[in-house]
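The values are calculated or read from the model by the stated rules, or taken from the named source; none is laboratory data. In this text, all values refer to a predicted model and were calculated from it rather than measured experimentally. Virtual Cβ from ideal backbone geometry, glycine too; neighbours counted across all protein chains shown.
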């Protein structure tokens, strides 16, 4: 039952990391039965603030109240007991355990350590049906796709009967249909009194799902708007302090064929779908977009481009030469660069420095190697140039890369991939989890590479991104690639039908 006591109150929250002030005297309330969207550029302090609320971090100043009770700082158990649930942006699952065990982990009393698996499965099935988050309780997490893992994270929080739910980029790996289903169910729960804070860089989600929007900029609360009284343009300007103009897509002459798959199939995947007799041609000066529901063969296709996957049938041709002995080193040697789907598990080593990560794929390059020894001065100079050229907010080249925000890590990986000028670029979900300013920046860099004559394969679950950048769109469904469609040839509805496995009208 609703009362005048706010579900959540943050008062003068301040958090410093050395000379950096991540949160600066932030105060706001969240009412019962209200959906709050938290916006801000990458590195603006959103995740830090939510980690303080959940007890992962201890604020230097300020307090957190849940339903009128002050939470002890740095105590996630107390936050859970008060009814706070959090879905983290980056997965916190045990790969060697089942979906059921991950969801129920930590919910059993020490006096009854044995899990009632039947009851747990029943509850998970009900939640999964209510939220449109289909999972297999007995499946190993290690065998799940990225989208399926995100569903488990969401169910894990809901399983604990949270009254205040924090969602940090919850839809980053969900399809539009799954996202719509999730938000519809969240609105039903909100009607029963659940309060929700969600962090999203997708402004259309904010407009569709929230009641109120809070905007952080450089660690401070820079704006607050009722959703019904604002628009995407105003929110974008509040986030970055300037007007955001999408980059223009110039006309570029079509170049030669730089990469080709001919009737290529891959071996059966532990999770995800293998490619089946796939044909694909990538021209220089062209962006080819791959549209599809997660798990339909994108991972196998990306692996083929990057050299981590070898064909079980068919041929791979690069610059007119049929390739044998395909490997990541071979791919790099012929000028193929990659921006991987998951920057944390595939694009970086968390406990290595920024500099070590930047040269990790090219440490044998003559720029950084002298007689078999690394030239650290040259590596530092190169890293510093990427930090400056790509406007990466980073303390120093020696900082651990895990300390960077998602957007700054993505910029660093992009800079690493685009230097020196590669002939073929794999851009796999390049703007996932990025704010509107960072998205525009990434898009501009990809368009610049296109203008220089690179062939770009853009794999994205964001149809707006694909339609804005792609010269041609190919739909992937159950491991099959459709024929290419020129810009504007298909409607969004037709692309959606093809993603679902139906032929284009």
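Is it true that residue 447 is buried (at least 21 other Cβ atoms within 10 Å of the Cβ) and either in contact with a helix residue (DSSP H, G or I) (Cβ under 8 Å, 6 or more places away or on another chain) or not in a helix (DSSP H, G or I) (or both)? Show your work before the answer.
Values: buried (at least 21 other Cβ atoms within 10 Å of the Cβ): no; either in contact with a helix residue (DSSP H, G or I) (Cβ under 8 Å, 6 or more places away or on another chain) or not in a helix (DSSP H, G or I) (or both): yes.
No.
Here's a check for you: in the stretch 223-243, which residue that is buried (at least 16 other Cβ atoms within 10 Å of the Cβ) and in contact (Cβ under 8 Å) with a residue 40 or more places away in the chain is nearest to residue 36 (Cα to Cα)?
The extreme case among them is 227.
Only one of these conditions is not met by residue 196: (1) closer than 21 Å to residue 433 by Cβ; (2) in a helix (DSSP H, G or I). Which number is it?
Condition not satisfied by residue 196: (2).
Determine, yes or no, whether residue 273 is farther than 26 Å from residue 468 by Cβ, assigned by TED's automatic domain parsing to the domain that holds residue 487 and free of Cβ contacts under 8 Å to residues at least 60 places away in the same chain. It would help to see each step written out before you state the result.
Working: farther than 26 Å from residue 468 by Cβ: yes; assigned by TED's automatic domain parsing to the domain that holds residue 487: yes; free of Cβ contacts under 8 Å to residues at least 60 places away in the same chain: no.
Answer is no for this residue.
Looking only at residues in the stretch 69-88 that are in contact with a strand residue (DSSP E or B) (Cβ under 9 Å, 6 or more places away or on another chain) and assigned to a loop (DSSP other than H, G, I, E, B), which one is farthest from residue 11 (Cα to Cα)?
Step by step, filter the stretch 69-88, then rank; the result is 88.
Hey, among 205, 224, 260, 234, which residue is in a strand (DSSP E or B), farther than 30 Å from residue 333 by Cβ and out of contact with any helix residue (DSSP H, G or I) (no Cβ under 6 Å at 6 or more places or on another chain)? Explain how you work it out, then say what you get.
Working: 205 fails: in a strand (DSSP E or B); 260 fails: farther than 30 Å from residue 333 by Cβ; 234 fails: in a strand (DSSP E or B).
Result of the check over 205, 224, 260, 234: 224.
If I go through the stretch 128-149 residue by residue, how many of them are part of a helix (DSSP H, G or I), modelled with pLDDT of 75 or more, under 20 Å from the mean Cα position of the chain (by Cα) and crowded, with 18+ Cβ neighbours inside 10 Å? Please lay out each step first, then the result.
Here is the first cut: in the stretch 128-149, the residues part of a helix (DSSP H, G or I) are 128-131, 141-143, 146-149.
Restricting the remaining residues to those that are modelled with pLDDT of 75 or more gives 128-130, 141-143, 148-149.
When the remaining residues are screened for being under 20 Å from the mean Cα position of the chain (by Cα), the result is 141-143, 148-149.
With the extra rule that they be crowded, with 18+ Cβ neighbours inside 10 Å, the set shrinks to 141, 148-149.
Total meeting the criteria: 3.
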